[in-house]
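Chemist: The structure follows.
The values are calculated or read from the model by the stated rules, or taken from the named source; none is laboratory data. Keep in mind the model is a prediction, meaning the values are calculated, not measured. All Cβ positions, even for glycine, are placed from backbone atoms using ideal geometry, and neighbour counts span all protein chains on display.
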Amino acid sequence: MDLSPRSSDEPTSRVVSGRIVDTLPDTAHWPGVVEAWLSSRRSPRTRDGYRREVRLWTDHCTAYGLDPLRADRTVVEAYLRRREEAGDSERTLARRLSAITSVYRYAVSLGRVATNPVEHVDRPRIDATQSPTVGLSLEEARRMLEVAERESPRTHALVALLLCGGLRVSEALAARAEHLGVDSGHRFLQVEGKGRKQRRVPVTPLMQHAMDRVLDGRDGGLLLRTASGRPWDRSEAWRAVRRVAKAAEVAESEKTSPHSLRHTAATLLLSAGVSLARVQAQLGHADPRTTQLYNRRFGELRGAAGYRLDDLLSGG
């Protein structure tokens, strides 16, 4: 039996007497359990991410000749060791375990397994107060905007949305001209964030300049698209950010990602004295602790006692 989760483009409905009828997954077997669990997730991006994680886990079980519905904690622990040897970080291991835990929790609710095999497995130690994301200095951020503007209107708009608007890359790639509006003299971009939550992001003068260039008179369609009009691929956006970071001589350009620019937006705002609540609203965070996470690492360095000690020792 093929234990692999079905790809997202396989049919989930059939035609009966001229009507389209949803086909319910056969949850008596692992692939059906996985499909039913994935279907319970509203976000396509979340489903795709979980599908990749469960496919890795399924391949691991298959290598042992084991149906995942019969796996116990020893199989999970062997999987963790295998992923560790493959170079997975603690955060990556935690993410993989989270996905597996979730699908087995769902399987328990269906009565397909008696217990969750991940439940008593020791979790990777993650410091929840630290963010691994590379942040930029103010000067680096300014240079990135300048380089992006020289490269192309599309790259300029991408960097402006991430850096000036604090958008997630998925939000930037989904933004459309129709989502731009004006309220009480303030321009805004209507953004759909995680959990399909809507928020208005102010379109600042720097953002407006970039929007005007990329739209070039258009009043509809995606803000960021290819010359042929198709959606701009996420991997292409990543490469554009990395390319601009290198040209802008960002210190850790090889680690700079679209999320680095969003991280930088939060850090610069908080360090400038903007309230946590306002930054949280700008970024669309459901939990203020997520917003605080962006600032903690930078704040620890900026206000480190070592600087005062250096002043004392140097006679300052």
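Chemist: Output the residue which, of all residues in region 257-273 that are part of a helix (DSSP H, G or I) and small (Gly, Ala, Ser), is nearest to Arg289 (Cα to Cα).
Modeler: It comes out as Ala266.
Chemist: Also, I was wondering about something else. Select, from Arg308, Arg230, Arg278, the only residue that is modelled with pLDDT of 90 or more and over 20 Å from the mean Cα position of the chain (by Cα).
Modeler: Answer to the check: Arg230.
Chemist: Please count how many residues of region 245-291 are within 20 Å of Phe188 (Cα to Cα), of a type in the set (D, E, K, R) and in contact (Cβ under 8 Å) with a residue 40 or more places away in the chain.
Modeler: Here the count works out to 1.
Chemist: Could you check, for region 184-203, whether at least one of its residues is over 13 Å from Pro258 (Cα atoms), modelled with pLDDT of 90 or more, of a type outside the set (A, V, I, L, M, F, W, C) and outside any strand (DSSP E or B)?
Modeler: Checked against the condition, which is being over 13 Å from Pro258 (Cα atoms), modelled with pLDDT of 90 or more, of a type outside the set (A, V, I, L, M, F, W, C) and outside any strand (DSSP E or B), region 184-203 yields no hits at all.
Residue by residue, here is whether (1) out of contact with any Lys or Arg (no Cβ under 8 Å at 6 or more places or on another chain); (2) not in a helix (DSSP H, G or I); (3) not small (Gly, Ala, Ser) holds:
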site	(1), (2), (3)
Arg142	yes, no, yes
Leu145	yes, no, yes
Ala148	yes, no, no
Leu158	yes, no, yes
Leu161	yes, no, yes
Leu167	no, yes, yes
Glu171	yes, no, yes
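Chemist: Follow-up. Check Ala286, Ala240 and return the single one that is among the hydrophobic types (A, V, I, L, M, F, W, C), under 23 Å from Gly49 (Cα atoms) and within 15 Å of the chain's Cα centre (by Cα).
Modeler: Matching residue, one of Ala286, Ala240: Ala286.
Chemist: What is the number of the single condition among (1) in contact (Cβ under 8 Å) with a residue 12 or more places away in the chain; (2) over 16 Å from Leu283 (Cβ atoms); (3) not polar (S, T, N, Q) that Gly185 does not meet?
Modeler: Evaluating Gly185 over (1) in contact (Cβ under 8 Å) with a residue 12 or more places away in the chain; (2) over 16 Å from Leu283 (Cβ atoms); (3) not polar (S, T, N, Q) leaves (1) as the failure.
Condition check ((1) touching a strand residue (DSSP E or B) at 6+ places or on another chain (Cβ under 9 Å); (2) surrounded by fewer than 14 Cβ atoms within 10 Å (Cβ to Cβ); (3) among the basic types (Lys, Arg)) across all residues:
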position	(1), (2), (3)
Leu163	no, no, no
Ala174	yes, no, no
Ala177	yes, no, no
Leu206	no, no, no
Ala210	no, no, no
Gly217	no, yes, no
Gly221	yes, yes, no
Arg225	yes, no, yes
Val244	no, no, no
